[in-house]
Amino acid sequence: MNAEALVEPGRVVLLTASHRVAPGLLSWPAWQTLRAADRVLCADEHHPQLPYLREAGVAVEHARPAAQDLVDACAGGRTVVVLASGEGDHALTDGLARLAGSGRVAMPDLELLPGSYDLPGARLLDLVQVMDRIRRECPWSSRQTHKGLAKYGIEEAYELVEAIEAGDRVELREELGDVLLQVVFHARIAEEHEEEPFSVDDVAGTIVEKLVHRHPHVFGDETAETPEDVKEHWQRTKAMEKQRDSVTDGVPLGQPGLALAAKLAGRVRTAGLDVEVPAGEGLGYELLALAVRAEEAGVDPEAALRAAARAYRDAIRTAEGHDADGSAEG
């Protein structure tokens, strides 16, 4: 290696780009680096950026250099850009790391330059693509219907609630994913309806429109300074949208009994109605009265009962001789 190369070892730029961003939409620093580079290399001859680089007049060589070859190509202060593949170029980066760690090679400056970034929510596109392929190719998933999947939606919702109440962050992240899967799965099935198809984009568009409309204090001219103000806005716009004849409209009767009683009590209280809680014989009416009292006090009776049930479960396991972690005592 000549003296000039030792003085000016050059520069290696590893240029990355998100596959979730349309090819050709690169940052200005990325375009500047590409245009000024002495050489631009790409191992993947089908890389999605190549047609756009050629249109921009950037010459790209189809090459898969070894680490030492790349170091030599930078000698004399030259800049070499390597267009990273979608899977990453681990062999090259590992080789450069070994050369740098050896201390025997004058290394060029190494730079990682993101040409485009994922926006928040970009991985949702991956989920939609994966679900689409599974729907087409999986023998089980391809035969599922909305009705057949309904029970899984209920199960996943309960597992999410359990993770929240347990305070388990790892479980929470996983269960949120399972609930999200149900949404994407149902939306994918809905695309196949012969008369009224809709997609996950339609689902997202509907909820976005609803959120914007029900938050005039965020997206409009109204103001809300307290949570109560926000709830009032929400209820008012919801009532205008639904045009319901009764405050009980839209309350699903299939939900757990305590949750149902609390929901009805909340509708009555919000509407300012004077409705006496029915009295009668049996535990059902006693539980109804307890649920109404809990709602008035701002307590979720369903969550309160689950917490008490968990304490009951722990007491049972203690009586059986189990430790708190579920293992049997010696």
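The values are calculated or read from the model by the stated rules, or taken from the named source; none is laboratory data. The shown structure was predicted, so the numbers you read here are calculated from the model rather than taken from an experiment. Every residue, glycine among them, receives a Cβ derived from its backbone with ideal geometry; neighbour counts consider all protein chains shown. Remember, those area values only see protein heavy atoms, side chains included, never the ligands or the DNA or RNA. Shrake-Rupley method; radii C 1.70, N 1.55, O 1.52, S 1.80 Å.
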Once Rh for the stretch 30-181 is found with the Kirkwood sum over Cα pairs, what is the Stokes-Einstein diffusion coefficient at 4 °C and 1.567 mPa s, in µm²/s? 65 µm²/s
Percent relative contact order for the chain, counting Cα pairs under 8 Å at least six residues apart, stands at 13 percent
FRET efficiency (D201, R104; Cβ distance; R0 56 Å; to 0.05) is 0.50
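Find the accessible area per residue for the stretch 125-202; the probe is 1.4 Å, ligands and nucleic acids are left out, and the unit is Å². Display every interim value, and only then the final one.
On the way: 5490 Å² over 78 residues.
Result: 70 Å² of accessible area for each residue.
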Could you check the simple spin-label distance between V212 and R35, using points 7 Å along Cα→Cβ, in nm with one decimal? 3.6 nm
With every protein chain in place, the stretch 44-90: carbon and sulfur % of accessible area (1.4 Å): 48 percent
When the scattering of the stretch 180-330 is computed by the Debye formula from its Cα atoms alone, each counted once and equally, what is log10 I(q)/I(0) at q = 0.12, 0.19, 0.20 Å⁻¹? -0.84, -1.19, -1.23
Taking Cα pairs closer than 8 Å and at least 6 residues apart, the relative contact order of the stretch 49-132 in percent is 25 percent
Per residue of the chain, what 222 nm ellipticity follows from adding -39500 (n - 2.57) for every DSSP H run with n ≥ 4, rounded to the nearest 500? -17500 deg cm²/dmol
Sort out for me the Cα centre separation of the stretch 112-136 from the stretch 235-288, rounded to whole Å. 41 Å
Sequence ranges 137-147, 56-66, ranked by mean other-Cβ count within 10 angstrom, highest first: 56-66, 137-147
Options (i) 16.0; (ii) 30.4; (iii) 17.6 - which one matches mean projected area of the Cα convex hull in nm² as calculated here: (ii)
Starting from the Cα of A307, step 7 Å along the direction of its Cβ; do the same at S85; then give the gap between the two resulting points in nm. 5.5 nm
Ordered by packing density, taken as the mean number of other Cβ atoms within 10 Å over each peptide's residues, highest first, how do 43-53, 286-296 rank? 286-296, 43-53
By the DSSP-based rule, helices of the chain that are at least 27 Å long along the axis (C-alpha) and have a mean Kyte score of at least -1.0 are 146-166, 169-190, 301-320
Just how many pairs of Lys in the chain have C-alpha atoms closer than 16 Å, counting pairs that are eight or more places apart or on different chains? 5
Rounded to a whole %, the carbon-and-sulfur portion of the accessible area of the stretch 179-293 at a 1.4 Å probe is 56 percent
How many Å² of accessible area per residue for the stretch 217-311, probe 1.4 Å? 71 Å²
